[in-house]
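Below is one structure; the comments refer to it alone.
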Amino acid sequence: MLSVGRGIEAINRILREAEPWGTVGSSGGINPSGNYDFTLCELSLLLYSYGDRPDILYPETVDHIVDVLMSEKGGDPIVWTPWLLGLPLRDTENHILMTEGSRYLTNRWIALHGNDDTRYDNVENAWKRSCSSIWMK
């Protein structure tokens, strides 16, 4: 609807009132609220498509998306599912990719929009080094 200019006010209101509904990673008995990483991907698309269009995605909506809804920021990748029977299990490549791709894009957005904190610099925050080691194992 945003692409054709319809429902702009309602969509902005809904997004500003939204809260993260779950956690990233695989869902299951020990993590029933998993799969929020799929939502992060959609939010990333929305942010990069309309985040610099204040006539479509209002600045306060963008701030809420980045500050609240985009839950994964900084340089500490999540590659493990919640512990199962006392043992960590590596999450699926799909969930890792969704989570860490969204983290990268969130960090990049924050850095490109004036925040020079090294937590959001994907070269300096160890994201690149950490993610390289994830895929090499």
Quick one: Val24 ticks every box in (1) assigned to a loop (DSSP other than H, G, I, E, B); (2) more than 22 Å from Asn125 (Cα to Cα); (3) within 12 Å of the chain's Cα centre (by Cα); (4) among the aliphatic types (A, V, I, L, M) except a single one, so which number is it? (2)
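Of all residues in segment 1-21 being outside any helix (DSSP H, G or I) and of a type in the set (Gly, Ala, Ser), which is nearest to Glu72 (Cα to Cα)?
Among residues in segment 1-21 that are outside any helix (DSSP H, G or I) and of a type in the set (Gly, Ala, Ser), the one nearest to Glu72 (Cα to Cα) is Ala18.
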For Gly25, which of the numbered conditions (1) surrounded by 13 or more Cβ atoms within 10 Å (Cβ to Cβ); (2) modelled with pLDDT of 95 or more; (3) under 22 Å from Arg119 (Cα atoms) fails to hold? (2)
If you take just the helices (runs of 4 or more DSSP H) that sit entirely in segment 43-137, which of them hold at least 3 residues that are modelled with pLDDT under 85 and either surrounded by fewer than 20 Cβ atoms within 10 Å (Cβ to Cβ) or hydrophobic (A, V, I, L, M, F, W, C) (or both)? 127-136
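The values are calculated or read from the model by the stated rules, or taken from the named source; none is laboratory data. The shown structure was predicted, so the numbers you read here are calculated from the model rather than taken from an experiment. Using ideal geometry, Cβ is built from the backbone for each residue, glycine included, and neighbour counts are taken over all protein chains shown.
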